[in-house]
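Everything on this sheet refers to the single structure shown next.
The values are calculated or read from the model by the stated rules, or taken from the named source; none is laboratory data. Source: prediction; values computed, not measured. All Cβ positions, glycine included, derive from the backbone under ideal geometry; neighbour counts span all protein chains shown.
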Amino acid sequence: MTSDIIRFSKPMVLTSLLFVAGCTGSTDPTTATVFDNIANLNSGEYDRQIAQNKSQADAIIAQNKAAEQRNAQLAAQRNANQSEINSLRQQIADVKAQGAKARAASASDPVKLQQVQALDRQLVAVERDVSSGASPSVVRPELSRIKAAYRALSI
């Protein structure tokens, strides 16, 4: 009789273990049992997870590409701004050269020399404006006006 119970209980224990193992229901491939993996493969759960992860990866890649494009645009803008600053500095140097000529030509005339000095102060103010990021569309006409005034005083 004892052997009948043992013989009868072995299949029951095995069936119970299989039933319990199959009931865990994990959809995480790292923790799922063999039975969970079979169920997840048959139900398409793993395919759904792969598609979801691929979608997330594609979204991240798209965000990275957009960020790279924004970075490239910002770099191009920075280069254009630097070029504009260099151009303004060159124009300021040209105006200073015109101012030096006017100063030399006005050395013997105190009235003209005062006018040249007033223009020098205006030029310093424009230089400060350029250094603080003033708009080139505002600065260029002012530099042209100062240069023309220096030229007029050089005569």
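When region 85-96 is filtered for residues that are surrounded by fewer than 14 Cβ atoms within 10 Å (Cβ to Cβ) and at pLDDT below 95, the ones remaining, listed by number, are ASN86, SER87, ARG89. Take ILE61 and decide whether it is surrounded by 10 or more Cβ atoms within 10 Å (Cβ to Cβ) and modelled with pLDDT under 95. In short, no. Exactly one residue out of VAL138, VAL124 is modelled with pLDDT of 95 or more and of a type outside the set (Phe, Trp, Tyr): that is VAL124. With respect to the stated conditions, ALA67 is under 30 Å from PRO136 (Cα atoms) and either modelled with pLDDT of 95 or more or hydroxyl-bearing (Ser, Thr, Tyr) (or both).
Within region 50-67, residues that are of a type outside the set (S, T, N, Q) have Cβ atoms under 9 Å from residues that are surrounded by 10 or more Cβ atoms within 10 Å (Cβ to Cβ) and part of a helix (DSSP H, G or I) in no pair, counting only partners at least 6 apart in sequence or on another chain.
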